[in-house]
Amino acid sequence: QVQLVESGGGLVQSGESLTLSCVASGTITRYVTMGWYRQNPGKQRELVAEISREGHIKYADSVKDRFTISRDNAGTTLYLQMNSLKPDDAAVYFCNAAPIPTLTWGQGTQVSVSS
């Protein structure tokens, strides 16, 4: 069973940047489409970026041109570079398979953005 561990969240001011990491217990990111999701209390989890095993990338309109998804060559780590952060970006961020999250969820990493 693949385990996912997210990290890199924190508290930043509006306009600043953060880079999130997701380490998988196996080379899963090479073989399946992976994505970054975010969730706020009482709301549905939202897929914000995905990268296929061929390297095709999609972004939600809300993060396009500000966020960049990537993965390492080893296929074990997924990244999300987040620039020009806004208060609306504040959430707990998770990684998982995409667009259907078939893997066990990790604990996520909290991103907070002050205005």
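Computed with a 1.4 Å probe over protein heavy atoms only, the accessible surface of the chain comes to 53 Å² per residue. May I ask you to work out the translational diffusion coefficient for the chain at 10 °C, viscosity 1.306 mPa s, via Stokes-Einstein with Rh from the Kirkwood sum over Cα pairs, reported in whole µm²/s? Here the translational diffusion coefficient equals 115 µm²/s. Ranking A49, Y59, L4 by Cα position along the charge dipole of the chain, where only Lys, Arg, Asp and Glu carry charges on their C-beta atoms, puts L4 farthest toward the positive end.
Here the accessible area is traced with a 1.4 Å probe on the protein chains. For the chain, carbon and sulfur cover 48 percent of it. At an R0 of 25 angstrom, the distance between the Cβ atoms of S25 and R53 translates into a FRET efficiency of 0.90. Here the contact order of the chain, divided by its residue count and restricted to Cα pairs under 8 Å and six or more residues apart, works out to 38 percent.
Taking 0.36 nm per residue of separation and subtracting the current Cα-Cα distance, fully stretching the chain between D72 and V5 would add 22.6 nm.
The values are calculated or read from the model by the stated rules, or taken from the named source; none is laboratory data. Predicted model only: the values in this text are computed from it and were never measured. Because the Cβ atoms are built from the backbone with ideal geometry, glycine has one as well, and the counts that use them run over all protein chains shown. Ligands, DNA and RNA are stripped out before the accessible areas are found, and what is left, the full protein with its side chains, is counted by its heavy atoms. Shrake-Rupley method; radii C 1.70, N 1.55, O 1.52, S 1.80 Å.
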